[in-house]
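Visitor: Before I ask anything, let me first share the structure, which is written out below as structure tokens.
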Amino acid sequence: TVSALVLATSMVFLLQASVAEIDMVFALFCASTLYALFFFVRRPSPSGALLAAALCVLAFLTKGPPVLFFGGAAFVSYLAYEGRSRKYPWRTLVLNSGVGLGAFLLLSSLWVTAVAHRVGWPELIRPWDAEIFQRVVSPSHSNKGPFFYLPSVFLGLLPWSGFLCAAPFIKRASLSDTAKGFLLFNAFSTGLAVVMLSLAAGKSTRYLAPLS
């Protein structure tokens, strides 16, 4: 609901909604994976690991590897922040991460193997190569400099992107620890997604802005 409100009231989305290219199902599962990872990093548990793994599998089955880049980068970045405390339960995190990773590999490999058995590995890999890998490495007619899209997306998602500027001051705000961590995690994941997508040579502004 909040994501829909942000998109519906953002400048670029309003201007280019008629040509917006976004996989809403993938966006739902990918965002759900990120939020599950946030709560897992805050309080590692087997149930949290399995929930994050299940959502990640759904996102992976929807559109392949992108969720691994977004989820992995956000997970590592926020863990580096959260793990600064000497009391952080690293042992519990590592053990439960293994549970989640094992569940993800098992479920996703079963699906991938079943599809590959039916259509063949070349046919399975072809759309991933065309829709994901080639879009990253192959320049398009609208290709810009590597970080052209960073200010483009920031301006396009105004006024909401302006709240990211408050991230350095979150620790001083009178918010609960969970609320502070949640805002920081969103800042990490949003910033990383914008930078990673900006480095993709084949992305155009009309594709990037709604996705971010």
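The values are calculated or read from the model by the stated rules, or taken from the named source; none is laboratory data. Because the structure is predicted, anything quoted here is derived from the model rather than measured. Cβ placement follows ideal geometry from the backbone for every residue including glycine, while neighbour counts extend to all protein chains displayed. Side chains included, ligands, DNA and RNA excluded: accessible areas come from the protein's heavy atoms. Shrake-Rupley method; radii C 1.70, N 1.55, O 1.52, S 1.80 Å.
Visitor: What nm value, rounded to one decimal, do you get for the distance between Trp121 and Glu82 when each label is placed 7 Å out toward the C-beta?
Guide: 3.6
Visitor: OK, next. What is the list of residues in the range 104-123 whose amide nitrogen lies under 19 Å from a point 7 angstrom out from the Cα of Val25, following Cα to Cβ?
Guide: Under cut-off, by backbone N: 107-116, 118-119.
Visitor: Take each of the peptides 43-55, 81-93, average the number of other beta-carbon atoms within 10 Å over its residues, and list them starting from the highest.
Guide: Top of the packing list down: 43-55, 81-93.
Visitor: With every protein chain in place, what's the accessible area of Val112 (1.4 Å probe, Å², nearest 10)?
Guide: 20
Visitor: Calculate one ³J(HN,Hα) per residue across the range 105-111 by plugging θ = phi - 60° into the Karplus curve 6.51 cos²θ - 1.76 cosθ + 1.60, and present them in order as whole Hz with x for glycine and proline.
Guide: Listing the rounded values in order: 5, 5, 5, 5, 5, 4, 5 Hz.
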